[in-house]
Structures are given as structure tokens and as C-alpha cells.
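*Asks:* Got a structure for you, written out below as C-alpha cells; questions coming shortly.
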């Protein structure tokens, strides 16, 4: 017997005037999805995730390879959903591939979606908070860190200080303790006067220590996942009440 049924907009149709969001996460990333769940905890703010092949080591060559896989990864997000925003979750990959090319590759599968990445999101967050001069913390090896520093400068930001954990393996980056991340943020703020500290890499765990780091550093502390989630929320029109720190409070104030 064929059963009768009704249809509605599905989970994505419950997002009201905002959303839905798509996110492309690295195969080797262990942190981004967990921190995004804190930001978008509302079941009416759906986030759809797909993985993209990525190497165990972070080098300019392995990062550039992802450009070839981005269209296919984007195409595996549900074609039936009219995505408001799609994010490519790799700060260093966006630097090597280039934000404009990232957008083109994602839009080859979802032409109507707005596209962001942590590098673009950082620039937008800095503009929103009036930040020009950054203390810069990365987990990367020297050539990847240098490429990111240059990209930030080209985008109109000043770099007050640079420090790195100098790790090439993603699985090591994902296991750097939150206390180490907090201490690095404070050290970067004290190394030279800055408007904010940026903790680069979606695999660094930072959400739980951003408030404490800001309290001791005396300046806003931004992480890749923080600015990425914030920009996805801004582009999609969805609330993100789980965002910590100065950037999270700025969003809450704007919503009042």
C-alpha cells in the first residue's frame, strides 16, 4: 500500500529568512566541525558539511592540490538546497589558492551561494572591529606562515609580530593544547603593540580559551574558526549565539 504524505521545506526550509550554510572541511581537520557546533547550535540554523581530500602535511604544494578537488567537494553538498553561504574551511589553503579562485571553484557547483573562507572572513572581521594591526600566531612551517603574512599585508593589514608552533603535520596541530594556544595569544599581544591577535588554522582549538586570552592580552583575540563562523552567519543571516570573545559580543550587540 502506498502511504499518503505531505511535504514542506525540510530542515533547510526552517531557517526562516537566513541560511542554510554549507561548509567544506579538510579531510584531516579534527576541530572545525566541533567549534562550529558551538556557534550554530539552533536546529533551525542548519549547517551541511562535506570533506575535501587533504594531505597529512601542510606545505604550499599540498595546499595548492586542493584547488583541483574543490569543485567536486562543493558539488557533494546537496544540490536540492539553495545555499545562502558556503565556506571553504582552510586558512592556509585559501591563501595559496586565492580567495577569488576559491569562490569561483565553489560557485561552479553552487552559482548562487555567497562564498567565504577564513582569510576573507578575517579581513571582514577586522574591518567590522576597526582592527588594522595584528599579532599573528600560526602552527605552520616558515614558508606557509610567510605566505599568509604577505596575504594579510596585501589585504591592508599590518603585522606587528609573528610566532609559530612550526608544525607540518595536521594531526599534531589538532593536538596542540588549548592552554598552549592561550599562552601563544598572550605572548603575541605582549611582543609588540597590536589591535588584536589572530590565531590562524581551523585545526587549532581556541573557542574555549578566547575569553581568557582576551582578558589577559587586553585586545581582541580572533581565531580562524571564530571569524569563519562569524562571516558565515553574517552572509547567511543566521544567528550564531555561541561565538566567544569581542567578535561574538559585537554580533550580539548588532542583533539588539
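Bear in mind these aren't lab numbers, they're just calculated from the coordinates by the rules spelled out. Since the structure is predicted, the reported quantities are computational estimates derived from the model, not experimental observations. All Cβ positions, even for glycine, are placed from backbone atoms using ideal geometry, and neighbour counts span all protein chains on display.
*Asks:* Once every DSSP H run of n ≥ 4 in the chain is given -39500 (n - 2.57) and the sum is divided by its residues, what mean residue ellipticity at 222 nm do you get, rounded to the nearest 500 deg cm²/dmol?
*Replies:* Dividing the helical sum by the residues of the chain leaves -13500 deg cm²/dmol.
*Asks:* OK, next. Quick one: grab the alpha carbon gyration tensor of the range 122-224, order the square roots of its eigenvalues as a ≥ b ≥ c, and give me rounded if a/c is under 1.5, else prolate or oblate depending on whether a/b is larger than b/c.
*Replies:* Oblate.
*Asks:* Let a ≥ b ≥ c be the square roots of the eigenvalues of the Cα gyration tensor of the range 97-156; is it rounded (a/c under 1.5), or, if not, prolate (a/b larger than b/c) or oblate?
*Replies:* It comes out oblate by the Cα gyration axes.
*Asks:* Report the full-extension gain for the segment residue 57 to residue 128: residue separation times 0.36 nm, less the Cα-Cα distance, to one decimal in nm.
*Replies:* Gain on extension, residue 57 to residue 128, equals 22.2 nm.
*Asks:* Another question, if that's okay. With no solvent and one point on each alpha carbon, what is the Debye value of log10 I(q)/I(0) for the chain at q = 0.12 Å⁻¹?
*Replies:* -0.65
*Asks:* How many nm is it between the label spots at residue 211 and residue 153, if each spot is 7 Å from the Cα in line with the beta carbon?
*Replies:* Placing both labels 7 Å along Cα→Cβ, they lie 3.7 nm apart.
*Asks:* While we're on this one: List the pair-distance distribution P(r) of the range 35-96, using every Cα-Cα distance, as the percent of pairs falling in each 10 Å bin from 0 up to the bin containing the longest distance, rounded to whole percents.
*Replies:* For the range 35-96, the pair-distance distribution reads 18, 45, 30, 7.
*Asks:* Could you let me know the centre-to-centre spacing of the range 22-88 and the range 206-224, using Cα atoms, in angstrom?
*Replies:* For the range 22-88 versus the range 206-224, the Cα centre distance is 24 Å.
*Asks:* Okay, moving on. Sorted from fewest to most neighbouring beta carbons within 10 Å, what does the list 173, 162 look like?
*Replies:* The most exposed by this proxy come first: 162, 173.
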